[in-house]
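The values are calculated or read from the model by the stated rules, or taken from the named source; none is laboratory data. This one's a predicted model, so the numbers in the text were calculated from it and none came from an experiment. With ideal geometry, Cβ positions are generated from the backbone for all residues, glycine too; neighbour counts draw on all protein chains shown.
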Amino acid sequence: MEGKKTTMAKRRRLQIGSAGISLKLILLGDGGVGKTTLVKSWMDQTLRSDYLMTVGVDISVKEFILEDGNRVKLTVSDIAGQERFAQFRSIFFGGANLAFLVFDVTRRESLDNLETEWLPQLLPTLSDPKFSLGLIANKVDLSAQRQIQRSEVQLAYKRLKKRFPMIRWIGYLETSALTKHNVQLAFHKISTEYFSSSKEDLGDMSAPRIKADRIGPKPNP
């Protein structure tokens with residue numbers, strides 16, 4: 001009987017361990033910047049040709065394994081950007097470990113609102129000391145309508161870091177939710193960096209990284 005109990009206990013531990021590490025990521029940004037399409041692209045779901053605004057919050061869950069072997073169960077909360085939901089947003093911020101600030105490169109006000117509205121709403125709700133945040137410049141496929149150029153994205157990122165130094169900023173990335181450009185990279189990078197002990201700011205998250213153990217001359221055999 002004792003042996004049976006031990007076996008059952010081991011199975012329960014395995015089931016708990018196999019689920020991996022649970023993280024919560026929230027997507028912040030004005031309505032229509034492409035947050036929902038980003039999530040659907042990341043989840044490899046079919047994209048709709050007709051646009052429907054998120055009402056309240058949409059929640060998606062995906063499990064994957066990082067390069068370091070960590071298995072992650074990532075719960076993504078896509079929070080509605082319409083003004084009429086502003087007073088309820090903080091309800092969905094609680095318990096977040098990660099966040100993407102998403103703006104539309106064809107709408108300058110969507111970038112401005114991250115600084116004046118979304119970040120001030122987010123800050124009082126944070127509880128995780130390792131909370132990590134990235135800036136996403138979305139809809140780069142609309143090059144003809146683009147108002148915010150790549151150099152401005154970098155400047156905006158530096159400005160936000162300077163104004164909100166209490167947050168761990170991991171970098172910025174240009175994406176196209178429609179063509180899936182850099183979408184998988186975005187979710188992978190922010191999850192990976194959450195576990196990094198270096199607290200390094202990646203800057204442009206699409207740029208290749210040089211591992212520290214590869215810097216400098218190789219030791220003599």
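Per-structure values
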{"item": "Elements of type strands (runs of 3 or more DSSP E) contained in segment 1-97, each with 2 or more residues being modelled with pLDDT under 90", "result": "57-65, 71-79"}
{"item": "Sole exception among (1) surrounded by 13 or more Cβ atoms within 10 Å (Cβ to Cβ); (2) within 28 Å of Thr179 (Cβ to Cβ) for Asp128, by number", "result": "(2)"}
{"item": "Of the criteria (1) at pLDDT 85 or above; (2) surrounded by 14 or more Cβ atoms within 10 Å (Cβ to Cβ); (3) under 27 Å from Ser77 (Cα atoms); (4) out of contact with any Gly (no Cβ under 6 Å at 6 or more places or on another chain), which one Ser206 fails", "result": "(1)"}
{"item": "Hits in segment 98-112 - residues which are among the β-branched types (Val, Ile, Thr) and in a strand (DSSP E or B)", "result": "Val102"}
